[in-house]
Every structure is written in C-alpha cells, then in structure tokens.
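Derivation of every value follows stated rules applied to the coordinates shown; laboratory data play no part. This is a predicted model, so every value here is computed, not measured. No Cβ is skipped: glycine too gets one built from the backbone with ideal geometry, and neighbour counts run over all protein chains shown.
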Amino acid sequence: MSVGEVVVVLLGAALIVGELWFFLGPRARTAAARPTNGGVQEVQVLVKGGYDPDTIFVEAGRPVRLLFYRDETAACSERVVFPDLGIDRELPSFATTKIEFTPGNARDYPFSCGHGVMQGRVVAQVGGERARANLGRGHSTHG
C-alpha cells in the first residue's frame, strides 16, 4: 500500500467515526417549561443516572414546579440541591417529588445531587415567547 492509499483509508475511517458520533452521540437534554392552567411553569424531570432534561428554560418572575421522578435506587441521586435557592430535598426511589420556586432574576439556577456528581440547571429568561424562541441558546449572558 502506498502512502496515499493509507491516507485515504485513514481519512475514510475518521469520516465514518465522525458521522456515527454526530448521529448517535449524546444530545443536549433541554426542555422549556409548559404553563399550567394556574400559570405555574411545570416540567417533569426523570432522575436516572442523571437528570433528563438537565437544562430547563423558564420565564423569570413566574412560579416554577419541577416534578422529579427518581427511577433508581443509586445513593448519588437520593437528594436534589439548589444551592442558590436554599433548596435541599430528599428524592424517594420510584416516586415523584415536587420542587416549587419563583426565579426572581434572568440567570442560571444550578442544581445537583447531594454529592455534586449529577448536575443540571434552570435557565430563567425574560419573556415567555422570547424565552421559547431562544430555546437552546441560553440567555444574554450565555450568547
């Protein structure tokens, strides 16, 4: 095999790996909160080896209700902590736990498991329609 043929084979293999990663690789797990009849923004979060979704877009200044369903018994996921909001709650296995708060400012509100291994964030944005149109791009401080 000549050097040119080796380069072509390696380039082809690299393109195949890149294509597989693009189509089958990890995806960002995001969700925009849906308003309920009472005006509360609500999102269901599955807790199983991580948070799904792990990025939640909401409108600042409106009440938020996160419904954490813990579908495992791993010790790491026993608690959810929102350090900036002073929330530290137990998540019982195979049950839904309701976390409610109102984000006052347009910014990120991080959350994690009790050990800090599993992480997520609530991104509070100004304006409902604008926030949904901006889904996946964060707010002004994230560009």
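Each label point was placed 7 Å from the Cα along the Cα-to-Cβ direction; for Ala13 and Arg34 their separation is 4.7 nm. Label-to-label distance, Ala75 versus Asp108, with points set 7 angstrom from Cα along the beta-carbon direction: 2.9 nm. What is the local net charge at Lys98, summed over the other residues whose Cβ is closer than 10 Å to its Cβ (Lys, Arg +1; Asp, Glu -1)? For residues surrounding Lys98, the net value is 0. Compared with the alpha-carbon gap, the fully stretched path from Met1 to Arg65 is longer by 16.8 nm at 0.36 nm per residue.
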